[in-house]
Amino acid sequence: MSDQNSLNLETGSVESVEKYKFEPIKGYPMLHWQGKMPFTSTQYYPAQKKEVYGEEVNGWINKIFWGDNLQVMSHLLKEYRGMIQAIYIDPPFDSKADYKKKIKVKGKKYEGDTGSFEEKQYTDIWTNDQYLQFMYERIVILRELLCDSGTLIVHCDQSKGHLLRCLLDEIFGEKNFLNEVIWDYRRWPTPAPEYQKMHDNIYLYVKNKGKHKFIRQYMPRSKETEKRWKGKSIVASHGEDGERVPSDSTAEDSKGSPMNSVWYIPIVAPSGHERVGYPTQKPEALITKLILGCTDEGSIVFDCFMGSGTTQAVSLKLGRKFIGADINQGSVQTTTKRILKFLEKPSLVDQCSVYNSCGLEVYTVNHYDVFRNPLEAKSLLLEALEIEALSGSIYDGEKDGFMVKVMPVNRIATREDLNELIVNFPYKVFDQRKEGNPNKPVESIMLVCMGHESNLKAHLEQECGYKIDVKVVDILRDKANIEFKRDSEAEFIFVDGKLEVTNFYPMNLMQKLSLQKESVNEWRELVESIVIDWNYDGAAIEPTVVDIPTKNEFVVGSYNIPATAGTIKIKITDLLSDSYEEVIQHG
């Protein structure tokens with residue numbers, strides 16, 4: 001795509017653009033799917049700063065966003081359009097699997113089924129058309145964020161890799177394809193009657209071929225090669241017999257052979273020091289090579305499918321600035337905890353840089369704190385609204401004569417979110433109903449959402465082409481009347497100049513562990529971390545106490561109150577990544 005076809009955005013408005021009209025151009029193949037919709041506009045979404053750790057360095061502080069990544073990127077466009085040097089994404093693979101994290105109580109108090117359980121972190125089950133539209137919209141906006149010398153790195157496998165390559169060719173132009181890297185690894189073999197699948201595909205596309213930044217890396221020579229060439233450099237030239245010939249350079253001048261595009265890197269071991277307990281975690285060694293190949297110290301690196309935070313951790317260690325985003329709050333908590341450990345132990349960094357000590361800000365995009373885990377949202381909504389669930393249908397349930405569709409959660413529902421419904425309406429059935437009773441709506445539809453564009457109802461009525469009755473139920477507006485989960489409880493005392501947590505009951509976690517209040521004798525077994533801001537200003541929490549113990553250790557629970565303390569805010573995060581926050585007046 002040419003540079004003049006850029007996505008337009010103005011604060012607080014939706015701007016129409018001419019890009020992506022799907023008009024065939026000779027020599028530019030295009031991928032088509034049912035319900036393919038042009039990504040012709042986006043809207044600025046606000047963000048709220050929730051937490052601040054550490055300080056700015058040279059006017060920069062790293063950032064993590066909790067929210068739908070399309071809306072996070074729409075927010076970022078205002079300030080970071082054309083400014084990001086490298087974007088790495090490890091998006092859904094359409095692996096037809098649900099990914100789970102084992103939640104295990106600290107200590108040894110609880111045995112059997114009450115001591116641990118598995119919670120779904122996210123689902124990777126898609127229809128083909130839904131997946132392609134999802135990725136298409138995000139790749140479009142990712143390109144807008146890249147600077148002219150920037151690189152997009154897309155990590156995938158054989159499930160959808162060939163289709164993603166077509167999308168990337170369409171959006172970036174096939175001339176801007178740089179490399180396909182094969183990540184070769186070993187894992188436990190399967191009994192399937194096929195060659196064992198033990199590699200992933202990584203596509204590198206640049207914003208502008210020829211202007212792109214590429215930093216060559218080298219592979220160390222084998223002992224046999226070193227002995228054969230006796231310390232001289234091997235150059236890409238050949239003698240009369242076709243054999244490579246050495247240059248006159250000495251061994252000190254040679255860095256080895258230029259790195260090829262097949263990399264063997266072990267996966268993260270189940271009990272390895274890198275393991276943070278998040279599904280599909282990628283090794284730091286892999287991300288390190290990718291980032292070193294296209295960035296300099298101080299470059300901005302972005303990952304909008306953050307997961308366990310490997311991109312952010314590696315960027316910090318290498319002295320790069322970073323921005324991260326994920327829709328799963330568990331990802332945000334995991335990444336924040338991982339980054340804070342690096343900030344506490346500067347010896348862990350790989351490269352000496354002023355940006356190794358750069359602080360961190362945590363944001364939410366829109367006030368979507370009803371659900372911590374969006375995977376649970378649909379079932380919780382159906383239960384809370386007393387909707388009879390349906391399976392094998394374009395609708396999610398039925399209530400009071402309305403067919404119910406639950407819109408994407410943790411973000412505002414847009415017209416584009418209605419595409420799947422519009423494409424799959426039973427139009428033959430609608431024809432029959434219209435013929436039988438022309439004056440009656442052919443369908444009554446209830447849209448359940450968490451915030452929505454003002455024209456959502458009118459758009460569905462118009463695009464359907466039939467008379468339909470549409471009702472919008474907005475959870476953000478109506479949530480005061482709906483209880484989705486039990487709130488956590490905590491008890492505190494002031495004694496001998498200290499703030500002591502005496503009890504903590506994370507109700508959602510306890511319910512999943514089948515625990516009652518009276519069975520919790522050591523509340524610290526259920527706690528992931530505690531942070532305290534001794535002088536809370538009513539805005540973002542800026543903790544001076546950051547109590548994040550290692551895997552099997554407990555939080556301290558008792559904290560010295562400084563003489564300068566004023567309004568205190570404490571945040572307790574449980575093993576599910578649910579957070580309890582309370583403002584406490586002292587003195």
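All of the numbers you see were taken from the coordinates with simple rules; none came from a lab. Remember, it's a predicted structure, so these values are computed and weren't measured experimentally. Cβ: placed from backbone, ideal geometry, glycine included. Neighbour counts: every protein chain shown.
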Full extension between Glu489 and Lys175 adds, at 0.36 nm per residue less the Cα distance, a length in nm of 107.3 nm
In nm, what is the difference between 0.36 nm times the number of residues separating Glu398 and Lys440 and their Cα-Cα distance?
13.2 nm
Please order Met30, Met306 by the number of other Cβ within 10 Å, starting at the fewest.
Met30, Met306
Across all directions of projection, what mean area in square nanometres is found for the Cα convex hull of region 489-585?
6.4
Of all beta bridges DSSP finds with both residues in region 374-481, what is the antiparallel percent, to the nearest 5?
30
Whole-Å distance linking the alpha carbon centroid of region 496-537 with that of region 143-169 is 43
A chain fully extended from Glu79 to Met30 at 0.36 nm per residue, minus the present Cα-Cα distance, gains in nm 14.5 nm
Over region 374-481, one equal point on each Cα, no solvent: what is log10 I(q)/I(0) by the Debye formula at q = 0.12, 0.14, 0.15, 0.20 Å⁻¹?
-0.40, -0.55, -0.63, -1.09
